[in-house]
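The values are calculated or read from the model by the stated rules, or taken from the named source; none is laboratory data. As the structure is a prediction and not an experimental result, all values here were calculated from the model. As a convention, Cβ positions derive from the backbone with ideal geometry for all residues, glycine included, and neighbour counts pool all protein chains shown.
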Amino acid sequence: MSSAEAQLDHPVSSQSEHGSFLDAYPDGIEHHYWSIARNRIIQNLVSQYADIQAPILEIGCARGVVTQSLRDQGFDCWGVDLERSPAMNDRIGKYLQTGVDFFDLDPDWVGRFKTILMLDVLEHIEEPAGFLRSVLDRAPSVERVIVTMPARMELWSNYDEHYGHYLRYDRVSMQTLAERAGLRLKSCGYAFRALLAAGWITGKLGMKRSTIIHPASGLMRHVHGMIAGVMSLEYALLPEQVAGSSIYAVLERETEAEGT
């Protein structure tokens with residue numbers, strides 16, 4: 001049992017109070033091409049930038065898709081989410097706290113973490129820079145935050161409105177966010193370039209996006225796996241400044257950056 005596991009004694013919630021949450025995270029979401037490709041991108045970022053000797057905390061873990069993906073790769077990852085969401089499965093459930101505010105967590109337990117993940121979280125927050133500062137004030141041991149967010153305002157659609165987004169980000173607005181939060185932008189780039197073109201065409205045609213995610217099942221899981229492979233490959237091969245429908249960033253404390 002790790003030091004993080006020893007202090008995780010809150011129950012895991014078994015149901016969601018918001019229908020739109022399960023629209024975005026249905027059973028089987030881990031088999032969707034977007035989830036598969038994003039998991040690989042996060043694994044790469046964590047391998048490159050995180051202190052892998054220390055536990056990692058995912059704020060806004062939802063049903064634990066990324067948390068389980070990282071644990072399957074040997075990372076000591078844990079999750080917390082305000083939403084009372086059902087864990088993806090019993091195997092990951094014991095590593096999640098749902099229906100719990102990060103700021104209510106045991107400070108001693110939080111003090112074990114050096115890396116925090118906020119994956120498609122900050123776009124839901126009206127004052128994201130202030131939220132980031134509050135998180136780091138609460139967790140002085142944390143040295144870096146790895147974030148992903150929807151990218152490019154030209155892709156703004158009914159999907160963003162349905163899920164309560166305030167902004168879609170680009171490299172300039174990500175730099176601004178980092179500066180306002182008092183952080184250094186260590187790395188920043190785009191992913192899902194093919195979806196940028198699809199979203200742009202959809203918008204130009206005046207079409208609405210579906211707000212319900214349909215997971216793959218049966219033979220379609222193989223198709224989704226191949227699509228995820230292509231999107232993982234484009235992430236690996238294309239320069240980070242080539243625009244896509246998602247953006248990632250690694251944010252460091254200024255004091256930590258100056259000391260390296």
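Residue by residue, here is whether (1) at pLDDT 95 or above; (2) touching an Asp or Glu at 6+ places or on another chain (Cβ under 8 Å); (3) small (Gly, Ala, Ser) holds:
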{"residue": "5", "(1), (2), (3)": "no, no, no"}
{"residue": "57", "(1), (2), (3)": "yes, no, no"}
{"residue": "67", "(1), (2), (3)": "yes, yes, no"}
{"residue": "91", "(1), (2), (3)": "no, no, no"}
{"residue": "96", "(1), (2), (3)": "yes, yes, no"}
When you scan segment 129-137, do you find a residue that is without any contact (Cβ under 8 Å) to a residue 40 or more places away in the chain, in a helix (DSSP H, G or I), hydroxyl-bearing (Ser, Thr, Tyr) and closer than 27 Å to residue 240 by Cα, even just one? no
Please find, among 143, 179, 123, the residue that is in contact (Cβ under 8 Å) with a residue 40 or more places away in the chain, within 18 Å of residue 247 (Cα to Cα) and among the acidic types (Asp, Glu). 123
Here is a check on your reading of the model: is residue 103 of a type in the set (Phe, Trp, Tyr), surrounded by fewer than 19 Cβ atoms within 10 Å (Cβ to Cβ) and more than 27 Å from residue 216 (Cα to Cα)? yes
Give the residue that is farthest from residue 150 (Cα to Cα), with candidates limited to residues of segment 199-228 that are out of contact with any His (no Cβ under 9 Å at 6 or more places or on another chain) and surrounded by 14 or more Cβ atoms within 10 Å (Cβ to Cβ). 227
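Residues that are among the aromatic types (Phe, Trp, Tyr): find the helices (runs of 4 or more DSSP H) completely inside segment 168-260 holding 1 or more of those. It would help to see each step written out before you state the result.
Values: elements: 171-180, 193-204, 220-237, 254-259.
In segment 168-260, the matching helices (runs of 4 or more DSSP H) lie at 193-204, 220-237.
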Mind checking which residues of segment 45-99 are over 21 Å from residue 232 (Cα atoms), aliphatic (A, V, I, L, M) and either touching a His at 6+ places or on another chain (Cβ under 9 Å) or buried (at least 19 other Cβ atoms within 10 Å of the Cβ) (or both)? 56, 57, 59, 62, 80, 87, 88, 92, 96
Sole exception among (1) at pLDDT 95 or above; (2) more than 27 Å from residue 244 (Cα to Cα) for residue 17, by number: (1)
Every residue from segment 209-230 that is at pLDDT below 95, among the hydrophobic types (A, V, I, L, M, F, W, C) and in contact with a helix residue (DSSP H, G or I) (Cβ under 6 Å, 6 or more places away or on another chain): 212, 213, 216
